[in-house]
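Take a look at the structure set out below.
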Amino acid sequence: MKSAIYPGSFDPVTLGHLDIIRRSAQLADHLIVGVLNNSTKKPLFSVEERVNMLKEVTKDLENVEIMSFQGLLVDFAREQNVQVIIRGLRAVTDFEYELAMSQTNRVANSDIDTIFLNTSLKYAYLSSSIVKEMAMYGGDIRKFVPAQIIDRVYEKYNIIR
Ligand code: ADP
């Protein structure tokens, strides 16, 4: 595979995301992690913060590039000249939505294919929302997010640990 895009909100990046990034970076020569800058969702971290955190935690991966995008993923893929989208699948509950999205994207641009990577079992339960919920109440998030960003998540909730 030449190039691929792994899109998401990454609010914040979790160890589950990082696992998909590492595995995708072995499958593709060049991997773009696309950070969605969607004005209708109110994220905890600004798009710049999310991009910077991803840059930090992927700095050892030479073929990984972090970019933000607005609007439709298919348009971003076309601009970047990329035909492959990567998504992670955790459970059957992800499947229905992801299937509909990938079919919609193919209708919008028939050159684009979506590849699904299953989650590593140890991260199957993990989501950015769970991280936020745990952090908000001062729970331990060390097993959920890369070490470099733990304090930044607590800071958002004014929690000192
Ligand atoms: P979105 O808002 O697009 O769902 P997310 O940042 O929540 O963005 O997720 C980005 C992608 O990573 C999605 O394909 C999602 O299914 C996948 N993903 C999220 N958490 C995990 C995990 N723990 N293991 C594997 N894939 C995951």
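Evaluate the relative contact order of the chain (contact order divided by residue number), counting alpha-carbon pairs under 8 angstrom at least 6 apart; express in whole percent.
On the way: 229 pairs, mean separation 44.3, N = 161.
About 28 percent, as a whole number.
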For Leu89, which sequence-distant residues (separation of 5 or more, or a different chain) have an amide H within less than 5 Å of its own amide H, given hydrogens modelled in the peptide plane?
Leu117, Asn118, Thr119
If you consider only alpha-carbon coordinates, what radius of gyration and Dmax does region 106-161 have, in Å?
16.3, 49
For region 91-98, just list the computed ³J(HN,Hα) in residue order, Karplus coefficients 6.51, -1.76 and 1.60, θ = phi - 60°, integers in Hz, with x standing in for Gly and Pro.
8, 4, 4, 6, 5, 4, 5, 5
Gap in Å between the Cα centre of region 146-161 and the Cα centre of region 1-77?
20 Å
Radius 15 Å from Cβ of Asp75, net charge of other residues (Lys, Arg +1; Asp, Glu -1)
0
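Per the 1.4 Å probe, what fraction of the accessible area of the chain, in percent, lies on carbon and sulfur atoms? Please report the intermediate quantities before stating the final value.
Values: 4690 of 9160 Å².
Of all accessible area on the chain, carbon and sulfur atoms account for 51 percent.
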Find how much the distance from Leu61 to Ser39 grows on full extension, using 0.36 nm per residue of separation minus their present alpha carbon separation; answer in nm with one decimal.
5.0 nm
Among 47-55, 122-130, how do they line up by average Cβ neighbours within 10 Å per residue, starting with the highest?
47-55, 122-130
Using all C-alpha to C-alpha distances in region 4-50, build P(r) with 10 Å bins and read off the rounded percent in each one.
26, 50, 22, 2
Would you list which lysines come within 23 Å of Lys2, measuring only between C-alpha atoms, while excluding same-chain residues fewer than 8 positions from it?
Lys55, Lys59
If amide H atoms are modeled at 1.01 Å from N in the peptide plane, then the residues at a separation of 5 or more from Thr114, or on another chain, having amide H under 5 Å from its own are Ile85
Report, largest value first, the span of the C-alpha coordinates of the chain along each principal axis, in whole Å.
49, 32, 31
For the chain, dividing by residue count, accessible area per residue (probe 1.4 Å) in Å² works out to 57 Å²
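The values are calculated or read from the model by the stated rules, or taken from the named source; none is laboratory data. As the structure is a prediction and not an experimental result, all values here were calculated from the model. With ideal geometry, Cβ positions are generated from the backbone for all residues, glycine too; neighbour counts draw on all protein chains shown. Just the protein is used for accessible areas: all its heavy atoms, side chains included, with ligands, DNA and RNA removed. Shrake-Rupley method; radii C 1.70, N 1.55, O 1.52, S 1.80 Å.
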